[in-house]
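Asker: Below is the structure I would like to discuss, written out as structure tokens.
The values are calculated or read from the model by the stated rules, or taken from the named source; none is laboratory data. Model, not experiment: these values are computed from the prediction. Neighbour counts run over all protein chains shown; Cβ positions are idealised from the backbone, glycine included.
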Amino acid sequence: MDYPKRSRSSDDDSHDFKRQRIADPGRPSKSLTLENGLKVFVFSGGEDVEVSSAAMTVRVGSFADPLEIPGLDHVIEHILFRGSQKFSSVNELQDYVAKYDGGTNAHTEFDHTTFSFEVDPEHFHGALDRFSHLFINPLMETEKLEHEIDAMDSEFLLIKYSDADRLDQILAHTSYEDHPFKYDPGRPSKSLTLENGLKVFVFSGGEDVEVSSAAMTVRVGSFADPLEIPGLAHVIEHILFRGSQKFSSVNELQDYVAKYDGGTNGHTEFDHTTFSFEVDPEHFHGALDRFSHLFINPLMETEKLEHEIDAMDSGTNTLQTNFS
């Protein structure tokens, strides 16, 4: 999963690193706290909205799973939608909102779980009644448990070979032993440690895969930026892709994988930075050679620095537009 990048602001413009504050995505028109301590935020879209929605977020996610029952929070997310004492039909909420062009969703994250629905405004209160009773008096019937575990297995099979989830697997395997992220739903087919200490995890998708990929994750992210040079880790992420001593063309890796319907990516998080590429299996080793030399002997040419800072600013401005 990709976390939002950290944003900083400062009145100090003495350095060359341009910094932006991500715009506020919106403020609630009303907020209140119920007698049971539940915090409620109401967002109004005006009188002409075509869809109304509600969401419940609880501050418990997969990191809270007991070691002996991994996946427990995800199971609860699934089974909670299977009816309440007031509305005992298995798919009562889903069927109700579906009649009025609506839908439901839920997702389990590391530190929280969110449940939501949307429906046309006329039937919002009926949907909200059904939704709220899933938390007031859920059925949580054990006989439905096996069905939900099967549904979770199906979800996992759909995503287990996606690049994003493979990156999560790599991060899990490289996490500290006492960190909850150490639990990993997927297992590499092979792992080894190179002479330089680099840990390698190999995930095999079988003989019929159409795409091969590789990723390098380093345990340095934006939290390691010096206070006087905010954004440094992100700048390094950008400029590292700009060629190596062996492959000195500025976009050598990008151009190579693009010829074979592939792509590259890099992202800076709080405590780590990840670089990756994907390409058709036939040209994987050629791409891996170009990729690895970005870390063995990168050019890191200072004359390209301003260009990369401008590219970062462009990304920040896009985020501002999307969140505004």
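Asker: If we scan segment 113-123, do we find a residue that is surrounded by 13 or more Cβ atoms within 10 Å (Cβ to Cβ), more than 30 Å from HIS267 (Cα to Cα) and within 25 Å of the chain's Cα centre (by Cα)?
Answerer: Quick first cut of segment 113-123, residues surrounded by 13 or more Cβ atoms within 10 Å (Cβ to Cβ) only: 113-121, 123.
Adding the requirement that they be more than 30 Å from HIS267 (Cα to Cα) leaves 117-121, 123.
With within 25 Å of the chain's Cα centre (by Cα) added as a condition, the list becomes 117-118.
Yes, there is a match, as at least one residue in segment 113-123 is surrounded by 13 or more Cβ atoms within 10 Å (Cβ to Cβ), more than 30 Å from HIS267 (Cα to Cα) and within 25 Å of the chain's Cα centre (by Cα).
Asker: Out of (1) crowded, with 17+ Cβ neighbours inside 10 Å; (2) closer than 26 Å to GLY37 by Cβ; (3) of a type outside the set (D, E, K, R), what's the single condition that is false for THR57?
Answerer: Failed condition: (1).
Asker: Please work out if ALA214 is aliphatic (A, V, I, L, M), surrounded by fewer than 20 Cβ atoms within 10 Å (Cβ to Cβ), assigned by TED's automatic domain parsing to the domain that holds HIS173 and in contact with a Phe, Trp or Tyr (Cβ under 7 Å, 6 or more places away or on another chain). It would help to see each step written out before you state the result.
Answerer: Numbers: aliphatic (A, V, I, L, M): yes; surrounded by fewer than 20 Cβ atoms within 10 Å (Cβ to Cβ): yes; assigned by TED's automatic domain parsing to the domain that holds HIS173: yes; in contact with a Phe, Trp or Tyr (Cβ under 7 Å, 6 or more places away or on another chain): yes.
So ALA214 fits the description; yes.
Asker: Would you check which residues across segment 91-109 are of a type outside the set (D, E, K, R) and either within 21 Å of VAL49 (Cα to Cα) or surrounded by 15 or more Cβ atoms within 10 Å (Cβ to Cβ) (or both) and list them?
Answerer: Step one: list which residues in segment 91-109 are of a type outside the set (D, E, K, R), which gives 91, 93-94, 96-98, 100, 102-108.
Correct list: LEU93, GLN94, TYR96, VAL97, ALA98, TYR100, GLY102, GLY103, THR104, ASN105, ALA106, THR108.
Asker: Considering only segment 213-324, give the helices (runs of 4 or more DSSP H) lying wholly within it that have at least 3 residues that are modelled with pLDDT of 85 or more and not small (Gly, Ala, Ser). Even if it seems obvious, please write down each step before you answer.
Answerer: Details: elements: 232-240, 252-258, 284-296, 305-323.
Because the criterion is at least 3 residues that are modelled with pLDDT of 85 or more and not small (Gly, Ala, Ser), the helices (runs of 4 or more DSSP H) in segment 213-324 that meet it are 232-240, 252-258, 284-296.
Asker: Taking the conditions exactly as written (surrounded by 14 or more Cβ atoms within 10 Å (Cβ to Cβ), of a type in the set (D, E, K, R) and outside the structural domain of GLY263 (by TED's automatic domain parsing)), does GLU143 satisfy them or not? Before the answer, list the steps.
Answerer: On the way: surrounded by 14 or more Cβ atoms within 10 Å (Cβ to Cβ): no; of a type in the set (D, E, K, R): yes; outside the structural domain of GLY263 (by TED's automatic domain parsing): yes.
For GLU143, the condition - surrounded by 14 or more Cβ atoms within 10 Å (Cβ to Cβ), of a type in the set (D, E, K, R) and outside the structural domain of GLY263 (by TED's automatic domain parsing) - is not met.
Asker: Shifting gears a bit: Regarding segment 274-282, can at least one residue be identified that is in contact with a Ser or Thr (Cβ under 7 Å, 6 or more places away or on another chain), over 18 Å from GLU301 (Cβ atoms) and small (Gly, Ala, Ser)?
Answerer: Yes - at least one qualifying residue is present in segment 274-282.
Asker: Looking at GLY231, is it surrounded by 13 or more Cβ atoms within 10 Å (Cβ to Cβ), at positive phi and touching an Asp or Glu at 6+ places or on another chain (Cβ under 9 Å)? Step through it out loud before you land on a result.
Answerer: Working: surrounded by 13 or more Cβ atoms within 10 Å (Cβ to Cβ): yes; at positive phi: yes; touching an Asp or Glu at 6+ places or on another chain (Cβ under 9 Å): yes.
It is true that GLY231 is surrounded by 13 or more Cβ atoms within 10 Å (Cβ to Cβ), at positive phi and touching an Asp or Glu at 6+ places or on another chain (Cβ under 9 Å).
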